[in-house]
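> Please find one structure pasted underneath; my questions will follow.
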Amino acid sequence: MLGVVFTEFTDMVEQAFGAETLDEMIGGVESRLESGGAYTAVGTYHHNEMVLLVSQLAKQTGRDIDELVELFGQHLFGRFVVRYPVFFEGIDHALDFLETVEGHIHFEVRKLYPAAELPTFVCDRKAPQLLVMEYHSTRPFATLCRGLIKGCAQHFGAQLEIDESPLADEASGMCFTIRII
Amino acid sequence: MADLDAERLARQLNRERRAREDAEQLLEEKARELYTANARLENLLVDLERRVLDRTAELRLALNDAQRASRVKSDFLAMVSHEIRTPMNVVLGMSELLLDSSLDSQQRAMLASIHDSSKALLVVINDLLDLSSIEAGKLGLEYIGFDLRETGSRVLEGLRHRAEREGLDLVSILPEDEDFSFVGDPGRLRQVLVNLVSNAIKYTEKGSVTVKIERLSRDDGISRVRCSVSDTGPGIPLENQATLFEQYARLEQGHQEQIEGSGLGLALCRQLIDLLDGSIGVESVPGEGSTFWFIVPLRDAENTSELDDVVHVTRDADDVEHPSLRILVAEDNPANQVVARMMLEKMGHQVDMADDGNAAVAAARSVAYDVILMDVRMPVMDGLEATRAIRGLEGVASTVPIIALTANAMASDREKCLSAGMTGFAIKPLSRAALERALAEI
């Protein structure tokens, strides 16, 4: 998993829950983290570290893991807007943007990070206001994906209705049916 | 509390430091990778450049070889051209002279057949040489004033006899009122027309051959002219039309197999029309006949003076009686000497012979000839050098008209003759008509 996801996560935790919570979260699982909890945006880390950190945060705050991951997804999308404005040029529709993720954005990401293991999205624009988006990944981050979609709606000022149904034969896969209302 | 904060900040600082060190290490690794990749690219570039240089050198060598081979081929062609035309000269000349003598009808028929076949052979050789010179890029174009109507009429007149013999009507549709004078290469247009009309006569068993010449457009001093030759022959199936203008393509079905032809005629026509910046094609329906056509752009003659020379010369050639002339023929081949002498004497002229250029200059110095017919290729001194020497003589001897007798029909050879000081040309093999025409020009 790309380092930028980890640095954005620790930043969010610090902003939302305070520096103590962040310190406590890392300290709580530090011995099991290969990186020792020191993240740089240009590095790459095992996705299990993210699972450990989120679980620890849920334990500390008494919140639901899924709720926290989705929250992070929304936060992360806002950060992408700031860090990579070029991806948003000329796009003014939430579903249009989601359709560019696989072809355009992941292509650019691979240029910078050839080793990045990215999820795959299969999009089917059923109607101008309806997008079916399949998330294929070996990692269990469909919830993060939902958070990102919500962040996207927020950015474009769109009201979305998101239906989810797990993909057969894929432990981590998910089919999102996204409708603008 | 402050202690706890301090400890937390120390831990945070420690993590930040480690993250920074990781980032720096990553940066170093990436930089090294980039450097290695760059070095590899640079080596590749150098290698590619070297390979391009090597390949370019190889290609240059190959090009030199090809050019040398092409030059050798051209030289060979010129030599063969000369070698073939010289004996052809004798065959045609002698048979023409014999035809004028008293013969019984069987002998006359046999001789006429020899004469016709020789002329046909000459056409094949000329086509072949023209094609080769076009391919070698050596065929130059003339740029002279001419009346296309007249060119067309002369082609028709030349072939009328043959058409009549085959029982065909030869019909011409030429523009009447318009000014049809152009500047260009009438010889090449004539060659193409003759080819197309001869083919039409050859392949048509009964009916007619119609030649039509028309102006399609006129713009900015350039006319687009269409010449078409329509026949009532067997026609050509669509699948054969495309290959018709390729070398050695010929219909091979039915009785057409028995028709003689080199298969070079139409290929040559297309090459010539290409050279003239025009287009050529055929429309045909099997059973109904064919129309061969070509369209060429021709520059309009701006004033009539551009035409005067050519038109007058060609007219004179036909109908003027020649006075008896004193003529020197410089020619090394004994058989050609006999042909030239007999033809000229039959025309009522007085003939002296010179075996080489040296002898020709000596003769020109001592006798005031009306005209000298000068072979270009001769031993001791060639025709060009002899001509320059004669032009350098004192008095009237230097102004004598000199007509080149040359087996080389190429435009570049004509240029050489003109710049040596010659006044006209007659292409070998000589015919009586060609000699008369050449003499009429002086």
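> For chain B, which longest stretch is free of loop sites, where a loop site is one of the chymotrypsin sites (Phe, Trp or Tyr not before Pro) that DSSP puts outside H, G, I, E and B and that has at most 15 other Cβ atoms within 10 Å?
B:249-442
> Just to check I understand the Karplus step: with θ = phi - 60° and J = 6.51 cos²θ - 1.76 cosθ + 1.60, what whole-Hz values come out for segment A:102-113, glycine and proline as x?
Per-residue couplings from phi come out as 5, x, 9, 5, 4, 4, 5, 4, 5, 4, 7, 10 Hz.
> Can I ask one more? Give me the distance between the Cα centres of segment B:368-389 and segment A:131-181, rounded to whole Å.
Here the two parts' Cα centres lie 100 Å apart.
> Count the net charge of all other residues whose Cβ sits under 12 Å from the Cβ of B:Asp219, scoring Lys and Arg as +1 and Asp and Glu as -1.
After counting each charged neighbour, the total is +2.
> Which of the aspartates and glutamates could a cross-linker bridge to B:Lys428, judged by Cα under 12 Å and excluding same-chain residues fewer than eight apart?
List returned: B:Glu83, B:Glu331, B:Asp375.
> To the nearest 500 deg cm²/dmol, what mean residue ellipticity at 222 nm is calculated for chain A from DSSP H runs of n ≥ 4 alone, each contributing -39,500 (n - 2.57), summed and divided by the residues? Could you put the intermediate results ahead of the total?
Working: 7 runs with 89 residues, N = 181.
Taking each H run of at least 4 residues, the total per residue is -15500 deg cm²/dmol.
> When the helices in chain B are scored as -39500 (n - 2.57) per DSSP H run of 4 or longer and the sum is shared across all residues, what 222 nm value do you end up with, to the nearest 500 deg cm²/dmol?
Mean residue ellipticity at 222 nm (helix-derived): -19500 deg cm²/dmol.
> Now, a different point. How much of the accessible area of chain B, probe 1.4 Å, is carbon plus sulfur, in whole percent?
So the carbon and sulfur contribution to the accessible surface is 53 percent.
> While we're looking at this one, here's another question. B:Ser208's amide H: which non-local residues (gap 5+, or another chain) put their own amide H closer than 5 Å, with H modeled 1.01 Å from N in plane and none for Pro or chain starts?
So B:Ser208 has HN proximity to B:Asp169, B:Thr232.
> If you don't mind, another one. Cα-based Rg (one decimal) and Dmax (whole number) for segment B:320-441, in Å?
Spelled out, the Cα radius of gyration and Dmax of segment B:320-441 are 12.9, 37 Å.
> Using protein heavy atoms only (no ligands, DNA or RNA), what is the total accessible area buried between A and B, 1.4 Å probe, nearest 100 Å²?
1000
> Let me ask you something else. All other residues with a Cβ under 11 Å from the Cβ of A:Glu49 taken together, and with Lys, Arg as +1 and Asp, Glu as -1, what is their net charge?
-1
> Would you mind telling me which residue in B:Arg17, B:Arg154, B:Arg50 has the biggest mean-square fluctuation in a Gaussian network model of chain B, where springs connect alpha carbons within a distance under 10 angstrom?
Comparing B:Arg17, B:Arg154, B:Arg50 in a Gaussian network model of chain B, the most mobile one is B:Arg17.
> Please determine, in degrees from 0 to 90 and to the nearest 10, the orientation of helix A:142-156 with respect to the longest principal axis defined by the Cα atoms of chain A, where the helix direction is its Cα long axis.
Roughly 60 degrees, rounded to the nearest 10.
> Another question, if that's okay. Between the helical axis of B:357-366 and the dominant principal axis of chain B, each derived from Cα atoms, what acute angle in degrees is found, rounded to the nearest 10?
Helix B:357-366 sits roughly 50 degrees off the main axis of chain B.
> Could you work out how far the C-alpha centroid of segment B:87-121 sits from that of segment B:174-218, in angstrom?
30
> Springs between alpha-carbon pairs under 10 angstrom, Gaussian network model over chain B: which of B:Val396, B:Val155, B:Val361 fluctuates most?
So, out of B:Val396, B:Val155, B:Val361, the one fluctuating most is B:Val396.
> Let me ask you something else. If I fit a long axis through the Cα atoms of helix B:186-203 and take the longest principal axis of the Cα atoms of chain B, what angle between them do I get, 0 to 90°, rounded to 10?
80
> Report the semi-axes of the equivalent ellipsoid for segment B:51-204 in whole Å, largest first, where each axis is √(5λ) for an eigenvalue λ of the Cα gyration tensor.
39, 26, 13
> Above 38 Å lies some portion of the pair distances; for the protein assembly as shown, what is it as a whole percent of all C-alpha pairs?
Summing the P(r) of the protein assembly as shown above 38 Å gives 60 percent of all pairs.
> Treat chain A as a sphere of radius equal to its Kirkwood radius over Cα pairs and apply Stokes-Einstein at 4 °C in a medium of 1.567 mPa s; give the translational diffusion coefficient in µm²/s, rounded to a whole number. Mind dumping the intermediate values first?
Working: Rh = 17.1 Å.
Rounded to a whole number, D works out at 76 µm²/s.
> From largest to smallest, what semi-axes in whole angstrom does segment B:80-135 give when each is the square root of 5 times an eigenvalue of its alpha carbon gyration tensor?
So the three semi-axes of segment B:80-135 are 28, 11, 6 Å.
> Rounded to the nearest 10 Å², what accessible area does B:Lys416 show when all protein chains are kept and the probe is 1.4 Å?
Counting only protein heavy atoms, the figure is 110 Å².
> Would you kindly state the longest site-free stretch of chain A, with sites defined as GluC sites (Glu not before Pro) in a DSSP loop (not H, G, I, E, B) surrounded by at most 12 other Cβ atoms within 10 Å?
Values: sites that count: A:Glu34, A:Glu89, A:Glu117.
Longest run free of exposed loop sites: A:118-181.
The values are calculated or read from the model by the stated rules, or taken from the named source; none is laboratory data. None of the values given here were measured: they were computed from a predicted structure. Methodologically, a virtual Cβ is constructed for each residue, glycine included, from the backbone with ideal geometry; neighbour enumeration extends over all protein chains shown. For the accessible areas, the whole protein counts, side chains as well, though only heavy atoms, and no ligand, DNA or RNA atoms are used. Shrake-Rupley method; radii C 1.70, N 1.55, O 1.52, S 1.80 Å.
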